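Notes follow the structure.
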Amino acid sequence: MNSLLDVPNKLEVPNKLEVRNLSVTLGSRNNPIQAVRGVSWSVSAGECLGIIGESGSGKSISALAALDLLPPGSKREGEVLLDGEPFDEYSPAERRLKRAKAGMIFQEPSRSFDPITNFETTFRETLRVHNPRLTAVEARQKAIALWQEVHLGQPETRLKSYPHQLSGGMLQRVMIALALANDPEVLICDEPTTALDVTVQRQILRLLADLKVSRSLALVFISHDLAVVSQLADRLLVMYGGLVLESGPVHEVLSSPASPYTRALWSARIPGGSHWTKDPLQVIPGMPPDPRSPLKGCPFAPRCPRADAACASLPSLVGLGRQVRCHHPEVNNTQPPAGRGAHE
Amino acid sequence: MKRFLTVLGHRPVAAVSLTVLVVMYLAMAFCEVLSPYDPTRLFPDASDHPPNLCWYSSQWGFGPQVQRMVMIDEVSRQYVRIKGEYDPVHWGVTADPVKLWGFLPLSWHVFGTDTHSGADPVFLFGTDNLGRDLFSRILYGARISLTIGFVGVAVSLTLALLLGGLAGYYGGFWDWLIMRLCELLILIPGLYLLLFLRSILSDKMDSASSYALITVILSFVSWPGMARLVRGMVHSLKRADFVTNARQEKMPPLTILFRHIIPQMSSFLILSVTLGIPGFILGETALSYLGLGITDPAFSWGSLISRDAASLDNLVHFPWLFLPGVFLIVVSLAYNFLGELLRDLADPHWRAPS
Amino acid sequence: MSSHQAEVFMTLRDVRKVYRAEAGLFSHSQREIVAVRSVSLDWRRGETYGLVGESGSGKSTLARLMGFLEQPTSGTLSVQPSERPVTRYVFQDPSSSMDPRRTTAQILTWGARYQNGYQGPRMALARARLLMEEVGLNPLDLDKRPGDFSGGQRQRLALARALMSEPLTLICDEIVSALDVSVQGQILRLLLDLKQRHGLGLFFISHDLEVVTYLSDRMGVMYGGQLLEEAPAEVWARGPAHPYSRLLKDPHLADQGDNYSNFETAQTVATAEPRGCSFAGRCPLVQAKCRTETPPWKQIGPEHRAACHLLS
């Protein structure tokens, strides 16, 4: 599992987008759901941060919160720094401009477009948000350039078409082009390939990898699929129950996972190509946590083979660069145990 | 039951509505003993008599009692109070003989005054221009007004579910036929259809058959709209996975229709029932108002309104005559609030906001 | 492994399914969508047959035909006569395949009444309890509603419901795709468990190659309504023969910039009568006759065949 492009460590590069100690509460005041409980991450230009987690782990919510796109009624705590500057200190008008520095693409491209507007209009409106004086011809030229950048053929004729006329993979490319329209520095991709076919998935991943380099984008790639994330991400963040359980460079995390959850997830991949009679299935027992009633201790403890009495208290996230939140991190020989001494 | 109370606890207005409706229907059921007088009994000296119940006098202290009044102007029917003359209202008196539910002879009434010894009769809501007690008439009138909704909705909903359900589930020719029939009926403006149907049928009939006739006419006008909605919903639900799954288990089509498909529409059905009942009550009122509904000697809230509250002049001078209208409004509103309560109850996803 | 001698349980010959887009009262042209184009396959007793394909390949339609949920437009689908119901279709989304207003007990037992050998509600309930336990659910939850369960538990419930009628085979249409990664494995393991305990045959449909190659004895690859290749799963995983199978197995091929990445002609919805190979539009090796002639089946190895003009 090599990432498509090896990017050298860029510790000196300033973070394009950073969240510090982010907590998000969703739902009504009577029935609050702690979707994210203190999450920090950052991403710099030309880097891809992969966030992995199951449904209800808070992976998408933390990204939405970073872009100030949370549904009304939800509460965000913690700091968001865009280009090193705290996002909250801007006025609402400035915020709107600043937010254009970050684009976002979603899982279902077919649901993200207005079905009765053709792409030319969609692009023109988006481009005019930041450049109101743009003429129709200029907008069209820019749109064509964007379509070529995402390798969509025949942009001149296709720009006039409507969402239902394109396939899922093509729509996802249009989505990416649209997200790039205002030259963002950060691109957040929320399960962009999950709804696509295997053969198309690969092409979209490849396109994102190319764009990361050519535009030196800071990519945040959210997925539930370790195999997909590992193809693109430089660093990995493993979320579970609204918390970060492990983070670090993707090779290290996957070759020597320190958190029992990451390890379980990695070894529970279905061994395709072998037959079930020869290769028994590794299974994680139990159910994903219910965000409505979060556990006091480690959220993975009920399903964890290494859990004991100590796990009734929440372990803290320990380490630099390579972090793990576990009382009993996996120790192995390929890598010095990252979370030793994690006991509080 | 526990769930019912939980839902009720989160909808206080609905709880009040439910109470109001229960009280009204109980009062309707026992109107013979609850009303102090026979609704057709005329009090010759008390035409358009205002309500005369009061709660305090120096003579009797606190308690229900009747203020004596006397008419001072025969033409404008103005009454004045006679100072210091009160008659107490008694619980459980013997007065007009009635037949409870049509067969149980009784002359016991829950309350009343001692009219044999010369006391003034109690007019809780006043009287009409012939001197008939309005309170008694409202109670008796409820017999028609409050039941016509039930019967009418039951008839039209049955028609709508059956025809709409079959059209939606089987499709094809029957769908075509039933839907064209519905459209034909919808095309004709409702009020004219009502008038037409009523006019081709005899207007000289007793109260029971005119009641039945009005119910049938109202149901006939209101089923096609509902049937079209039912048909549309069945049409989309029959492709749902759980219906396919039931078909896979060889469940017969009609069982699927009534066990799996129609229950999914329960919130719609509940709303259409609870909105339909006041609709029927108002429909009957409209017919009666036009003189085509319930006619004398039978009466309903609608005919009370049309007979007594028909002119502004009446309302200005004898405002109590509008009380049947107030009852109508209260019942309609109560049904609407009750509908919300029932919809929550039928919703499997409903959770108490904690 | 399935024995080569195992008797054939279900036979499909030239099965076709055409959907007609409903035309309005005044429109003359009727749009036709060919979902399945002439598929022939044999499904053996007790065998796990896997079917892979992308969205729109017609694999779900084929599954519904085999589950007798729909009638083929033409072709024959024959089944060995049996006392027990032959197939049972399990839906992808358990939350939509169960009536949300019914309790678990009702969901499990209502269907039992219409099966052969129904022995009354008491026996049905006893069996429901047994099956609840077998699929790893608490039998005390029989009075809960589907909404009270998590996604994984609901899929367990769906499997229990399918087994109520004691079918010979289950047709599983993407039954794990909607579940969380950590739960998918549990359901697959349960499925294998049930297969062994009840001697079930499985028809397993998925877009996920790993799952299909792991679970199946034999597998088929579908594209654009056509079956393009059929092979024992292990053989296929080692070396698929058809150009489309090769692309599926190794999406990196699409990186090489040849015709494979021609995503624009991804499976066109066939509105006219389709001809030739359904993959011709994307195939890097395409020849003139691929577009006009339906490719013949070529035997590649034992039990391994592919439909392609270019293979010999």
Log entry, pairs with first residue in the stretch C:37-56 being closer than 14 Å to C:Gly201 by Cα, second being surrounded by 17 or more Cβ atoms within 10 Å (Cβ to Cβ) and hydroxyl-bearing (Ser, Thr, Tyr), beta carbons closer than 7 Å, six or more apart or on different chains, reads C:Trp43/C:Tyr49; C:Arg44/C:Ser2; C:Glu47/C:Ser2; C:Thr48/C:Ser216; C:Tyr49/C:Ser216; C:Gly50/C:Ser216
Restricting the search to the stretch C:135-161, which residues are part of a helix (DSSP H, G or I), charged (D, E, K, R) and crowded, with 18+ Cβ neighbours inside 10 Å?
C:Arg154, C:Arg156, C:Arg161
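Which residue is farthest from B:Val316 (Cα to Cα), if the candidates are limited to the stretch B:113-131 and must be in contact (Cβ under 8 Å) with a residue 40 or more places away in the chain and among the hydroxyl-bearing types (Ser, Thr, Tyr)?
By that ranking, first place goes to B:Thr113.
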So, in the stretch A:159-197, of the ones that are within 14 Å of chain C (Cβ to nearest Cβ) and touching a residue at least 60 places away in the same chain (Cβ under 8 Å), which residue ends up nearest to A:Trp41 (Cα to Cα)?
A:Glu191
For a quick check of your reading of the model, give me the residue pairs whose first member lies in the stretch C:174-191 and is closer than 20 Å to C:Ser216 by Cα, whose second is hydroxyl-bearing (Ser, Thr, Tyr), with beta-carbon atoms closer than 6 Å and at least 6 apart or on different chains.
C:Glu174/C:Ser206
Does the stretch C:91-135 hold any residues that are touching a residue at least 40 places away in the same chain (Cβ under 8 Å), more than 9 Å from every other protein chain (Cβ to nearest Cβ) and among the hydrophobic types (A, V, I, L, M, F, W, C), and which are they?
C:Leu108, C:Ala124, C:Val135
Out of (1) at the interface with chain C (Cβ under 10 Å from one of its Cβ atoms); (2) touching a Phe, Trp or Tyr at 6+ places or on another chain (Cβ under 9 Å); (3) more than 30 Å from C:Pro240 (Cα to Cα), the odd one out for A:Asp290 is which?
(2)
So A:Trp276 clears everything in (1) more than 7 Å from chain C (Cβ to nearest Cβ); (2) crowded, with 20+ Cβ neighbours inside 10 Å; (3) not basic (Lys, Arg) except one condition, right? Which one?
(1)
Residues satisfying the stated conditions in the stretch B:43-59, i.e. over 21 Å from B:Pro319 (Cβ atoms) and surrounded by 15 or more Cβ atoms within 10 Å (Cβ to Cβ)
B:Ser57
Taking the conditions exactly as written (in contact (Cβ under 8 Å) with a residue 12 or more places away in the chain, over 27 Å from the mean Cα position of the chain (by Cα) and over 25 Å from B:Ser57 (Cα atoms)), does B:Tyr169 satisfy them or not?
yes
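When you go through C:Arg37, C:Arg84 one by one, which is the residue that is more than 10 Å from every other protein chain (Cβ to nearest Cβ), part of a loop (DSSP other than H, G, I, E, B) and charged (D, E, K, R)?
Selected residue: C:Arg84, the only one of C:Arg37, C:Arg84 that is more than 10 Å from every other protein chain (Cβ to nearest Cβ), part of a loop (DSSP other than H, G, I, E, B) and charged (D, E, K, R).
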Cβ-Cβ under 6 Å pairs, at least 6 apart or on other chains, the stretch C:77-90 side under 16 Å from C:Gly199 (Cα atoms), far side among the polar types (S, T, N, Q):
C:Pro85/C:Ser165; C:Thr87/C:Thr169
Test set (1) aliphatic (A, V, I, L, M); (2) more than 15 Å from B:Ser219 (Cα to Cα); (3) surrounded by fewer than 18 Cβ atoms within 10 Å (Cβ to Cβ) - B:Met179 fails condition number:
(3)
Identify all residues within the stretch B:227-243 that are under 26 Å from the mean Cα position of the chain (by Cα) and more than 13 Å from B:Leu181 (Cα to Cα); write none if there are none.
B:Leu229, B:Val230
Since A:Met287 meets every condition but one in (1) in contact with a Ser or Thr (Cβ under 6 Å, 6 or more places away or on another chain); (2) within 29 Å of C:Arg218 (Cα to Cα), which condition does it not meet?
(2)
Could you list, in sequence order, all residues of the stretch C:8-27 that are over 17 Å from C:Gly56 (Cα atoms) and modelled with pLDDT under 90?
C:Val8, C:Phe9, C:Glu22, C:Ala23, C:Gly24, C:Leu25, C:Phe26, C:Ser27
Given (1) touching a His at 6+ places or on another chain (Cβ under 8 Å); (2) farther than 23 Å from A:Leu64 by Cβ; (3) away from chain C (no Cβ under 11 Å), where does A:Val137 come up short, assuming only one miss?
(1)
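Rundown of residues vs (1) at pLDDT below 80; (2) touching a Ser or Thr at 6+ places or on another chain (Cβ under 6 Å); (3) in a loop (DSSP other than H, G, I, E, B), yes/no style:
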position: B:Ile270; (1), (2), (3): no, no, no
position: B:Gly291; (1), (2), (3): yes, no, yes
position: B:Ile294; (1), (2), (3): yes, yes, yes
position: B:Asn314; (1), (2), (3): yes, no, no
Residues located in the stretch A:173-216, provided they are within 20 Å of A:Arg235 (Cβ to Cβ), among the hydrophobic types (A, V, I, L, M, F, W, C), surrounded by fewer than 21 Cβ atoms within 10 Å (Cβ to Cβ) and in contact with a Gly (Cβ under 9 Å, 6 or more places away or on another chain)
A:Val213
Which numbered condition trips up A:Glu252, out of (1) more than 7 Å from every other protein chain (Cβ to nearest Cβ); (2) within 17 Å of A:Cys311 (Cβ to Cβ)?
(2)
Filter the stretch C:40-55 for residues that are surrounded by fewer than 20 Cβ atoms within 10 Å (Cβ to Cβ) and either within 11 Å of another protein chain (Cβ to nearest Cβ) or of a type in the set (Val, Ile, Thr) (or both) and give the result.
C:Ser55
With respect to A:Gln203, is the statement that it is over 29 Å from A:Gln172 (Cα atoms), touching a residue at least 12 places away in the same chain (Cβ under 8 Å) and not aliphatic (A, V, I, L, M) true?
no
Of the conditions (1) at pLDDT 85 or above; (2) at positive phi, the single one that A:Gly273 does not satisfy is (1)
With respect to the numbered conditions (1) part of a helix (DSSP H, G or I); (2) modelled with pLDDT of 85 or more, which one is the sole condition not fulfilled by B:Gly149?
(2)
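Residues checked against (1) touching an Asp or Glu at 6+ places or on another chain (Cβ under 9 Å); (2) more than 9 Å from chain A (Cβ to nearest Cβ); (3) surrounded by fewer than 24 Cβ atoms within 10 Å (Cβ to Cβ):
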{"position": "C:Ala178", "(1), (2), (3)": "yes, yes, yes"}
{"position": "C:Gly201", "(1), (2), (3)": "yes, yes, no"}
{"position": "C:Asp208", "(1), (2), (3)": "yes, no, yes"}
{"position": "C:Gly224", "(1), (2), (3)": "no, yes, no"}
{"position": "C:Leu228", "(1), (2), (3)": "no, yes, no"}
{"position": "C:Ala231", "(1), (2), (3)": "yes, yes, no"}
{"position": "C:Arg238", "(1), (2), (3)": "no, no, yes"}
{"position": "C:Leu247", "(1), (2), (3)": "no, no, yes"}
{"position": "C:Pro251", "(1), (2), (3)": "no, no, yes"}
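For every residue, the table says whether it meets (1) over 18 Å from B:Glu284 (Cβ atoms); (2) within 14 Å of chain C (Cβ to nearest Cβ); (3) of a type in the set (A, V, I, L, M, F, W, C).
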| position | (1), (2), (3) |
| --- | --- |
| B:Leu213 | no, no, yes |
| B:Asp241 | yes, yes, no |
| B:Gln248 | yes, yes, no |
| B:Pro253 | yes, yes, no |
| B:Ile262 | yes, yes, yes |
| B:Val273 | no, no, yes |
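The values are calculated or read from the model by the stated rules, or taken from the named source; none is laboratory data. Every value quoted in this text rests on a predicted model; they were computed, and no experiment measured them. Note: ideal-geometry Cβ built from the backbone for every residue, glycine included; neighbour counts use all protein chains shown.
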